[in-house]
Every structure is written in structure tokens, then in C-alpha cells.
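The values are calculated or read from the model by the stated rules, or taken from the named source; none is laboratory data. Keep in mind the model is a prediction, meaning the values are calculated, not measured. We place every Cβ from the backbone using ideal geometry, glycine too, and count neighbours over all the protein chains shown. Each accessible area value is taken on the protein alone, full model and side chains, heavy atoms only, with ligands, DNA and RNA left out. Shrake-Rupley method; radii C 1.70, N 1.55, O 1.52, S 1.80 Å.
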2 protein chains.
Amino acid sequence: MDVRTICLGILSRGDHTGYEIKKHFEIDGFFVEPSFGSIYPALNKLTEDGLVLVRAEAQLKRPDRKIYSITPAGRRVFLDALMQPLAEDRYRSPFLFAMLFADLLPAPRVDGLFEEFVAQAQRRLAQLPEKSDVETEGERFVLDFGRTMYITMLDYLRQQRAKFADVVPNAAE
Amino acid sequence: MDVRTICLGILSRGDHTGYEIKKHFEIDGFFVEPSFGSIYPALNKLTEDGLVLVRAEAQLKRPDRKIYSITPAGRRVFLDALMQPLAEDRYRSPFLFAMLFADLLPAPRVDGLFEEFVAQAQRRLAQLPEKSDVETEGERFVLDFGRTMYITMLDYLRQQRAKFADVVPNAAE
DNA sequence: CCCACCTATGTCAGTCCGATATAGATCGGG
DNA sequence: CCCGATCTATATCGGACTGACATAGGTGGG
């Protein structure tokens, strides 16, 4: 699912600027979150290819807002992309990798890793949109998926942290 | 957690070829899985920097096996990397992205997406190493983390699929 | 009033993925 | 017994993506 397709998806729900597309996925960032460095070039390419249109909105003493809207051709291409075989999900976790080597680390470091990871999961859980903000059944499914996974993760961490405290005295203060 | 650090980590547990490093992470691939295209250059760079040593082992009518081993300097660099602030976890899911647009898709496609995703999760769950294969407390933690997450995921999918079948008749045949 | 943060665009170096190339060994099924 | 599939094992390369940086003024809280 490349950044061009992601942009088409957002734009199929309404007009937006590149900046707004980025912001949108900071919320849904638990499963996609392209950077500016890929969004802006993607939007340029889509414009070239006639899949989106731009209109510049002048702003006083600021760069123009460039508002993108999807074209009928863009909708066709997007729908077609959703019908193609999807790439597999990828979960990349520096935390879990580091935990493989917990035995090499000082106890306070292991404790710190736990703490940061719990904080990260809590923050992301809190950032998920409200149920009242979702409109389609698909969005509800995705939202609940995220909520379920984060809650499970936090439960597991709390429970395991106690165990680690036994094995590595002082690891949990 | 870049590929160089990942290679150092594996080599800190024992000598391996690039090929073996890749294979190792097909098992733990639920949280890291670098490709050949990044492993081989990483090993070359590590060799240049004196963090690993290579010895070539001739093989009859096959390319030499290049067996890498970590140096004391490599261990120091690895340990230091584990003490630095870690990047955040990233979960990239083409499936969840596509599900945001389930309302635009034909019911059989949504059904197919579910099926493939369930199959993927089952396959990965089955691929996790046996408990008897793990040696450290950290490895056990990571393994159980993976198991817990996949089982939760599969439960959620089974339960939601029934709901989707109500909302989108025929979606689950 | 200042500092931090927000809106908003964009570039660039470095990193990584996925496909491709090469080449023989091994193994099960028809 | 042979054919295709899969495995070992190396490596390169184009294209995609990230994260940091640059620019520049507005807004709001302490």
C-alpha cells in the first residue's frame, strides 16, 4: 500500500491539503503514517497523472494552501488498487528486539524500556478517534481492532513486568 | 534499530552467515525482518568498521559461506545502541487501511480480505519458536508477547466477521 | 513579552525493500 | 528416473520511504 494509494484513499472521502493528510494519519498512525517527505512528492505525481486536481488557496503571509481533490480517474485507480493482492502486515518493534537482549542490560535500563513502551501504548490508545467520530462500519472495525490490541498489549505488559521484577530484582524499582 | 545493529545482535549470540541471519528473522519476523538487500551491505560495512570479522569457508561448487563473528568492539557498539533511546514501534497494515474503505468494496472482496488476513495471522502464530527453544527470559517475554497478540487478533477477527456478515449480507457466504 | 507549538510547503541524504541474477544440491511425485 | 520445486548462498539495483532540515509567519499560555 504505497503513499500514493493512501493519499487517494483519504481524498476519496473529501478534499484535503498534504498537511491535513499527514495529520489525519497521526491519529490512525497505529497502522499507517506516511511522512511529509513521501506525501508531497506523491501528490505531485498524482497531479501529473491526472488522478487528483489541485487548487491553490492564497493565504496572507503564508504559503498557499494547496487543496487536492480526487478525479473520477483517481477513484477508479484507487478502487482497482484495493482489488489487487495486498502486501502483508509488518510490525517493526525496536522494543521487542531490545528485549531479546534483556540479559545483557542493567536492570534499570530494562525497567526504563518497559516504562517507555507502556507510555507509548497508552498514548496511542488515547489518541484513537472517538467511536462517535467514525462513520462507516469499516472505520468502526479498524478502530476497535486498534483498541483491542492496545488493551491486550498493556495487560500483558503489566502482568509480565511483575514477573520480570522477580527474575531481575530491582528491575521494577 | 537499523539493520547493522540487528546483525550485531544476532552475532552477539554466535557466528552466522548473512543467509542464516535472514532465516533467523523469518521466525521472529513478527517484529523485525530485514531483507538480503540490507543485510549483505550491513555486514560489509560492519566488517570495514572492524565490528565483525569474516572467514570464508569454501564449498564444493557453491559460493563460499562467509561466516561472520562479532569483535569486542562490536559488542561495545551493540550494547551502546541498546542504551540509546529507541525508535517507536511501527505497525504498517495494508489490510486495516483497505478495511477503512470496506463500504466501497464488493462483499466477496471484503470476505477475501478477512480470509487472507486470518490465514496470515495463523501462519505467523504457527511459525513462532517453541517455548523449549528459547533460552533467556527476554526471549520468552518476546515469544509470549507475539503469541498473545496473534491469539487476540484471531479472536477479534472471528468475532467481527460474524458482525460484518450481518451488516453486509453475503460477506461471509 | 517570550517561548513553544502550530500551520504549511518542500528538499535531501541515507536507509530499506523487493525483485532479480546466479548456480548447484536435494528431494518428492508422477 | 526425471522434472519441477525448494533450499543454500551470495550479491546488486531501482525505487520507495523516513527523518531531519529549511523556511516563515501565526497563535496561545505562563
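Are any residues in the stretch A:1-33 within 13 Å of DNA strand C (Cβ to nearest atom) and over 19 Å from A:R65 (Cβ atoms), and if so, which ones?
Listed by number, the residues that qualify are A:M1, A:D2, A:V3, A:I27.
Pairs, please: C-beta under 6 Å, at least 6 apart or cross-chain, first residue more than 7 Å from chain A (Cβ to nearest Cβ) and open to solvent by less than 60 Å² (accessible area, probe 1.4 Å) and in the stretch B:77-93, second within 15 Å of DNA strand D (Cβ to nearest atom) and outside any loop (DSSP other than H, G, I, E, B)?
Short answer, once both residue conditions are applied: B:A81/B:T5.
Would you please list the contacts, defined by Cβ atoms under 9 Å and residues six or more apart or on different chains, that run from a residue in the stretch B:106-135 that is assigned by TED's automatic domain parsing to the domain that holds B:F25 to a residue that is in a helix (DSSP H, G or I)?
none
Six or more apart or on different chains, Cβ under 8 Å: which pairs go from a residue in the stretch B:23-48 that's free of Cβ contacts under 8 Å to residues at least 12 places away in the same chain to one that's open to solvent by 60 Å² or more (accessible area, probe 1.4 Å)? Could you list them?
B:E33/A:R90; B:E33/B:E26
Select, from B:R123, B:R109, B:R76, the only residue that is in contact with a helix residue (DSSP H, G or I) (Cβ under 9 Å, 6 or more places away or on another chain) and assigned to a helix (DSSP H, G or I). Explain how you work it out, then say what you get.
Details: B:R123 fails: in contact with a helix residue (DSSP H, G or I) (Cβ under 9 Å, 6 or more places away or on another chain); B:R76 fails: in contact with a helix residue (DSSP H, G or I) (Cβ under 9 Å, 6 or more places away or on another chain).
Result: B:R109 is the single residue among B:R123, B:R109, B:R76 that is in contact with a helix residue (DSSP H, G or I) (Cβ under 9 Å, 6 or more places away or on another chain) and assigned to a helix (DSSP H, G or I).
Considering each residue of the stretch B:50-61, count those that are more than 9 Å from DNA strand D (Cβ to nearest atom) and either within 22 Å of the chain's Cα centre (by Cα) or free of Cβ contacts under 8 Å to residues at least 12 places away in the same chain (or both), and give that number.
So the answer is 3.
What residue, among those in the stretch B:12-36 that are surrounded by 14 or more Cβ atoms within 10 Å (Cβ to Cβ) and among the polar types (S, T, N, Q), is nearest to DNA strand D (Cβ to nearest atom)?
It comes out as B:T17.
Does any residue of the stretch A:37-53 turn out to be open to solvent by 30 Å² or more (accessible area, probe 1.4 Å), closer than 26 Å to B:E33 by Cα and within 14 Å of DNA strand C (Cβ to nearest atom)?
Scanning the stretch A:37-53 turns up at least one residue that is open to solvent by 30 Å² or more (accessible area, probe 1.4 Å), closer than 26 Å to B:E33 by Cα and within 14 Å of DNA strand C (Cβ to nearest atom).
Confirm whether A:D64 is of a type in the set (D, E), more than 15 Å from DNA strand D (Cβ to nearest atom) and loosely packed, with under 14 Cβ neighbours inside 10 Å.
Numbers: of a type in the set (D, E): yes; more than 15 Å from DNA strand D (Cβ to nearest atom): no; loosely packed, with under 14 Cβ neighbours inside 10 Å: yes.
Against the criterion (of a type in the set (D, E), more than 15 Å from DNA strand D (Cβ to nearest atom) and loosely packed, with under 14 Cβ neighbours inside 10 Å), A:D64 does not qualify.
Among the numbered criteria (1) open to solvent by 50 Å² or more (accessible area, probe 1.4 Å); (2) of a type in the set (A, V, I, L, M, F, W, C); (3) facing chain B (nearest Cβ under 7 Å), which single criterion is violated by A:A162?
(3) is the only condition that A:A162 fails.
Name every residue in the stretch B:106-143 that is touching a Gly at 6+ places or on another chain (Cβ under 9 Å) and surrounded by 17 or more Cβ atoms within 10 Å (Cβ to Cβ), in order of residue number.
B:V110, B:R124, B:L128
Only one of (1) open to solvent by less than 80 Å² (accessible area, probe 1.4 Å); (2) in contact with a strand residue (DSSP E or B) (Cβ under 7 Å, 6 or more places away or on another chain); (3) more than 19 Å from B:A81 (Cβ to Cβ); (4) modelled with pLDDT of 90 or more fails for A:A56. Which number is that?
All conditions pass for A:A56, except number (4).
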